[in-house]
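Below is one structure, written out as structure tokens; the observations come after it.
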Amino acid sequence: MDGQTRQVVVLYFITIFSLFSRYNSLEKDPPPPSYNYFEDLVSAGYDPQAYPSYFTTTIDDGHFKDLISQRTQVISQLQKLGVTSAPSTKTVNVNDFGATGDATQDTRAFEKAWEEACSSKGEVVLEVPQGKRYQLKPIRFSGPCNSNLTIQIYGSMEASDDMSDYKEDTKHWLIFDSINNLLIEGGGTGNINGNGKIWWQNSCKINKTLPCKDAPTASGLTVAAPESSPNTDGIHVTRTQNIWITNSVIGTGDDCISIVSGSKNVQAMDITCGPGHGISIGSLGSKSSKAYVSGVTVDGAKLSGTTNGVRIKTWQGGSGSASNILFQNIEMNNVSNPIIIDQNYCDQDKPCKEQSSAVKVKDVVYKNINGTSASEVAIKFDCSKTHPCQEILLQNVKLQEQGDRTAKAICNNVKLTEKGTVFPQC
């Protein structure tokens, strides 16, 4: 997400969504010892509080997939037997701590329930019951916790629509911080409602006479927001390692998923996107900053009516790299710019001056991508003159302009390989 305004969005849980995050030396070629990622971001004008690590967790990479698989299988089998939790699992219900779920303030009850769940040992389920509407002021769920914690959200968690509740912190509503082995489940009528309309109406993107101000964000999960809502990224991944985003339906006024600097080993599978700006890596390298993203896989996605498909966007003047990226098994329906790498990204009123340094883009694969383009140009590689895109592969890609018109490709400063059927070709 670019721009100064950050907006609350309405969030709907579609399925289990688990997050394990922590930034750790993600560069393919590590920088020298004097390099300080955090200080470079701050010096470049980045506000680290604008995108905190909502789910900052640690887990051994080798056991990451096994953990998810085992926990999911156990939960599935228990549910088939009509058991909501294993006998050894402790359940903490927010209602037992005074939450009423009648659309009045339940913030303190949620804080008490979290304290109990986090301080307990073993397997713990924090339950938000179905059929209730819990209104919450800004709240932080902090670790470290003693338990392996599962949060089951089957009721509605709604943000306070009183703007005065955000005086102390205008940027955040829900924050999950420093928690190991966190699993979040949603289903039934469960949702997180950010009550974003009041913030969108007071956005400088809507009313140009208003100053641009920060607005609170919720944790990055499955999202539904109006197409006209400004700067409403669905899922924003930053400074995060080992994250799975699965079976998610996202509609927003900005990127469905945005993956920015500090992110490594990000897997997005079975994603439905639209409306929105597509699935983006970046923007990276703004204000001459260093940016690193690697190990991103988008496998299985349907994009409909979006302004971009799968996109990598970097500013001139930055440094670092975006590498080892795979986009595969993707269906495009009336999507503008279905495949795009833009190393000359410029999201500002004044033209950006030409600069020699750039975030390097390399090792990117586009495989099994089909559908229709709303624009004449279906494939666009607008890469840097001084740092061309390296090792880009198009394999079994077929894109037609909507209405069966012939689409075309524009390819500048890119080292490209094509395999199988590729259309349009550079």
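The values are calculated or read from the model by the stated rules, or taken from the named source; none is laboratory data. Predicted model, so just to flag it, every value in this text is computed and none were measured. Note that we place each Cβ from the backbone using ideal geometry, even for glycine, and neighbour counts take in every protein chain shown. The protein model used for the area step is the full one, side chains on, heavy atoms only, and it has no ligands, DNA or RNA in it. Shrake-Rupley method; radii C 1.70, N 1.55, O 1.52, S 1.80 Å.
Per residue, how many Å² of accessible area does segment 225-425 show with a 1.4 Å probe?
Accessible surface, normalised per residue, equals 37 Å².
If you take every residue apart from Thr100 with its C-beta less than 11 Å away from the C-beta of Thr100, what net charge results, scoring Lys and Arg +1 and Asp and Glu -1?
Once positives and negatives cancel, what remains is 0.
In percent, what relative contact order does segment 225-425 have, based on Cα pairs under 8 Å that are 6 or more apart in sequence?
This gives 15 percent for segment 225-425.
At a Förster distance of 41 Å, what's the computed FRET efficiency of Asp96 paired with Glu227, Cβ-Cβ distance as r, to 0.05?
0.55
Using mean Cβ contacts within 10 Å as the protection proxy, how do 367-380, 257-270 order, highest first?
257-270, 367-380
Rounded to a whole number, what % of the accessible area of segment 346-426 do carbon and sulfur atoms account for, probe 1.4 Å?
Reported share for carbon and sulfur atoms: 42 percent.
Take the residue pairs Lys171/Lys197; Lys290/Lys415; Lys137/Lys197; Lys167/Lys264 and return only those whose Cα atoms are more than 25 Å apart. Provide the component values of the computation, followed by the final result.
Details: Lys171/Lys197 16 Å; Lys290/Lys415 23 Å; Lys137/Lys197 16 Å; Lys167/Lys264 34 Å.
Listed pairs above 25 Å: Lys167/Lys264.
For segment 225-425, report the translational diffusion coefficient in µm²/s to the nearest whole number, using Stokes-Einstein at 37 °C, 0.692 mPa s, and a Kirkwood Rh over Cα pairs. Could the numbers behind the result be given before it?
On the way: Rh = 16.5 Å.
Result for D is 199 µm²/s.
As I understand it, the dipole of segment 225-425 uses +1 on the Cβ of Lys and Arg and -1 on the Cβ of Asp and Glu, about the Cα centre. Which of Thr240, Asn370, Ala409 lies farthest toward its positive end?
The residue sitting most towards the positive pole is Thr240.
Using a 10 Å cut-off on Cβ atoms, rank the peptides 102-114, 236-248 from the highest mean neighbour count down.
Result, highest mean first: 236-248, 102-114.
Convert 10 °C to kelvin, take the viscosity as 1.306 mPa s, use the Kirkwood radius over C-alpha pairs of segment 116-208 as Rh, and evaluate the Stokes-Einstein diffusion coefficient in µm²/s, rounded to a whole number.
On the way: Rh = 14.8 Å.
Answer from the Stokes-Einstein relation: 107 µm²/s.
Rank Val92, Val249, Val365 by accessible area, highest first, at a 1.4 Å probe radius?
Order by accessible area, largest first: Val249, Val365, Val92.
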